[in-house]
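Worksheet for the structure shown next.
Derivation of every value follows stated rules applied to the coordinates shown; laboratory data play no part. This structure is a prediction, so every number in the text was calculated from the model and none was measured. Quick reminder, even Gly has a Cβ in these numbers, built from the backbone with ideal geometry, and neighbours come from all protein chains shown.
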Amino acid sequence: MTPASRWSGCSDSDPELVPGSDAWRIVPELAPADDEPLVGKEYGDAFEGTDLESVLAARGVGRVIVAGAETDACIRSTIHGAFTRGYDTTLVSDAHTAGDKSAWGAPPVDQVIAHTNLYWSFQGAPGKTAQVVASDEVAFD
């Protein structure tokens, strides 16, 4: 299995993330290498309206490892999007988060994260795997 490729985890249409601004840029510690693709997105599911699937297919990627922001939106959409497209899908349990939406009736952030980790750990389907692992257990081979 080849390593999963990286893509932009933030929506290009987010009003707080203006393309080209400092907030929009990938932090230097996570910057992709020159030969790594960068796929911008406009929807919660990183596969929707992007060339992510063709980028992964060109590299023979069969497993997607998901981490990032907005557990209750982009993360959930992307793990389901990857899984329904046939990818083995790993959610990194301690590497996703969300903004506090409790003012609108959502549970506290720690509960959103815990629930997502819990239900994803019980996903399954023929010929593919869904798993939840801590960041120190992620293997890219």
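Say a paramagnetic label sat at a point 7 Å from the Cα of Thr129, along Cα to Cβ; which residues of the range 41-83 have their backbone N under 14 Å from it? What the label zone holds, given the 14 Å backbone N cut-off, is 62-65. For Gly44, no residue 5 or more places off, or on another chain, has a built amide H under 5 Å of its own. The candidate values were (1) -0.40, -0.57, -1.37; (2) -0.41, -0.57, -1.16; (3) -0.35, -0.49, -1.15; the one computed from these coordinates for log10 I(q)/I(0) by the Debye sum over Cα atoms at q = 0.11, 0.13, 0.20 Å⁻¹ carries the label (1). Rounded to the nearest 20 debye, the dipole size of the chain about its Cα centre is 480 debye, using +1 on the Cβ of Lys and Arg and -1 on the Cβ of Asp and Glu. Beta bridges per DSSP, both residues in the chain: antiparallel share near 10 percent. A full extension of the chain between Ser121 and Trp104 corresponds to an added length of 3.4 nm, given 0.36 nm per residue minus the alpha carbon distance.
Between Asp35 and Arg59, residue separation times 0.36 nm minus the direct Cα-Cα distance comes to 7.5 nm. Annotation: the antiparallel percentage among DSSP beta bridges lying fully within the range 64-141 is about 10.
Descending by average beta-carbon neighbour count within 10 Å, the peptides 21-27, 47-53, 89-95, 34-40 line up as 89-95, 47-53, 34-40, 21-27, the highest first.
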